Amino acid sequence: MDIVHAGGSGSGQSLQVRKKREGFTLIELLVVISIIALLIGILLPALSAARQVARTASCKSNLHQIMLATNAYATDNKDFQIPAGYDRLANLDRWHGRRDTTNDAFDIEKGRLASYLQTKQIKKCPEVIDYRDDQPGEWTLTFEAGAGGYGYNDTYLGSRCDLYSAYPTMSLYTTRANDVKRPTDTATFADTGLWSMDSGNSVMVEYSFMEAPLWVPWGGNPTPVIHFRHTSSVNVSWFDGHVNDQKLAWSAPDYYMPGLTADDMAKLNVGWFGPQDNTLFDLD
């Protein structure tokens, strides 16, 4: 407070007390708000980037755990890799689980990997993907639900498309570890997803296979399903066990939805890394 001495009549003096101004002026308040907004603008991108890094690291950890589980399976099965889709056409037996009918959801505890996973389930990729899982067995939306958003190299590891030319024979056999000549350069699992239609809207659904760039033995490009969802990168686990990220190199038209060009698919973040052949997928 400011104390003001005021003169008056008589022998005494009176004191006048004047309160000091409190609070902010409007201009000062606006300056404070501007500073806070500036700080938020600086911090939010950094926080978003940090969350993205954390989700990417968690996804890589998931892929590493799947690799450990499949390696343990192979050790117990004379080095044969886990089948990708033992009954590929019937769609009841996948690497990530089994089900009794196509009206059921895949059950990991009935699958071959169950006893090798720490949590008895395939951990889902933490990146925000609105996968449909409310209609088990519905062909266009949930026919591969339960894979966690990850796909397996079924062309060369989980089946032997390179040796047999027809189903179901090609899906009944798998590769042995000694057959893989370049384990550090043979892709095994990756982030995957299949674009489909739901009531006229484009949606991404789970897809449990990581398709090689060229169909074996028929040739031509399958529908791109490797999903570059981590800031335009995809996490890939390799046969020797290491996991890294790869950038989208190229894409191809959608085989199931004619009209979507290679450029369209690339804009949807699906395609392939590496060369336009099966070099990073095959055994040689």
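The values are calculated or read from the model by the stated rules, or taken from the named source; none is laboratory data. Nothing here was measured: the structure is a model prediction, and the numbers come from that model. Glycine also receives a Cβ, built like all others from the backbone with ideal geometry; neighbour counts cover every protein chain displayed.
Is it the case that Tyr207 is under 24 Å from Asp79 (Cα atoms) and either modelled with pLDDT of 95 or more or aromatic (Phe, Trp, Tyr) (or both)? Against the criterion (under 24 Å from Asp79 (Cα atoms) and either modelled with pLDDT of 95 or more or aromatic (Phe, Trp, Tyr) (or both)), Tyr207 does not qualify. For segment 105-123, the count of residues that are in contact (Cβ under 8 Å) with a residue 60 or more places away in the chain, part of a loop (DSSP other than H, G, I, E, B) and more than 18 Å from Thr188 (Cβ to Cβ) is zero.
Among the residues making up segment 97-115, those that are buried (at least 19 other Cβ atoms within 10 Å of the Cβ) and closer than 26 Å to Val243 by Cβ are Gly97, Phe106, Ile108, Gly111, Arg112, Leu113. What residue, among those in segment 259-273 that are in contact (Cβ under 8 Å) with a residue 40 or more places away in the chain and either part of a loop (DSSP other than H, G, I, E, B) or touching a Gly at 6+ places or on another chain (Cβ under 9 Å) (or both), is surrounded by the most Cβ atoms within 10 Å (Cβ to Cβ)? Filtering segment 259-273 for residues that are in contact (Cβ under 8 Å) with a residue 40 or more places away in the chain and either part of a loop (DSSP other than H, G, I, E, B) or touching a Gly at 6+ places or on another chain (Cβ under 9 Å) (or both), the one surrounded by the most Cβ atoms within 10 Å (Cβ to Cβ) comes out as Val270.
Only one of the numbered conditions (1) surrounded by fewer than 22 Cβ atoms within 10 Å (Cβ to Cβ); (2) under 27 Å from Ala105 (Cβ atoms); (3) modelled with pLDDT of 95 or more; (4) aromatic (Phe, Trp, Tyr) is not met by Tyr255, and that is (3).
Among the residues of segment 79-96, those that are in contact with a Lys or Arg (Cβ under 6 Å, 6 or more places away or on another chain) and either farther than 14 Å from Ser159 by Cβ or buried (at least 21 other Cβ atoms within 10 Å of the Cβ) (or both) comprise Asp79, Ile82, Gly85, Leu92.
Asp191 fulfils the conditions (1) in a loop (DSSP other than H, G, I, E, B); (2) modelled with pLDDT of 95 or more except for a single criterion, (1).
Between Thr231, Thr223, which is assigned to a loop (DSSP other than H, G, I, E, B) and either at pLDDT 95 or above or buried (at least 17 other Cβ atoms within 10 Å of the Cβ) (or both)?
Numbers: Thr231 fails: either at pLDDT 95 or above or buried (at least 17 other Cβ atoms within 10 Å of the Cβ) (or both).
Step by step, each of Thr231, Thr223 is checked, and only Thr223 is assigned to a loop (DSSP other than H, G, I, E, B) and either at pLDDT 95 or above or buried (at least 17 other Cβ atoms within 10 Å of the Cβ) (or both).
Considering Ser237, Ser165, the condition of being among the small types (Gly, Ala, Ser) and free of Cβ contacts under 8 Å to residues at least 60 places away in the same chain is satisfied by Ser165 alone. Hey, any hits in segment 45-62 for a residue that's surrounded by 15 or more Cβ atoms within 10 Å (Cβ to Cβ) and among the aliphatic types (A, V, I, L, M)? Checked segment 45-62: no residue is surrounded by 15 or more Cβ atoms within 10 Å (Cβ to Cβ) and among the aliphatic types (A, V, I, L, M).
Of the residues making up segment 164-179, those that are over 13 Å from Lys78 (Cα atoms), loosely packed, with under 14 Cβ neighbours inside 10 Å and not β-branched (Val, Ile, Thr) are Ser165, Ala166. Residues satisfying the criterion are absent from segment 142-156 (criterion: under 20 Å from Ala72 (Cα atoms) and among the β-branched types (Val, Ile, Thr)). Of all the residues in segment 199-220, those that are part of a loop (DSSP other than H, G, I, E, B) and buried (at least 21 other Cβ atoms within 10 Å of the Cβ) number 7. For segment 124-154, a residue qualifies if it is outside any helix (DSSP H, G or I) and at pLDDT below 75, and the qualifying residues are Val128, Ile129, Asp130, Tyr131, Arg132, Asp133, Asp134, Gln135, Pro136, Gly137, Glu138.
Which residue, of Asp154, Asp107, Asp162, Asp191, is more than 19 Å from the chain's Cα centre (by Cα), closer than 20 Å to Phe281 by Cβ and charged (D, E, K, R)? Let's see the steps before the verdict.
Numbers: Asp154 fails: more than 19 Å from the chain's Cα centre (by Cα); Asp107 fails: closer than 20 Å to Phe281 by Cβ; Asp191 fails: more than 19 Å from the chain's Cα centre (by Cα).
None of the others qualify; the one that does is Asp162.
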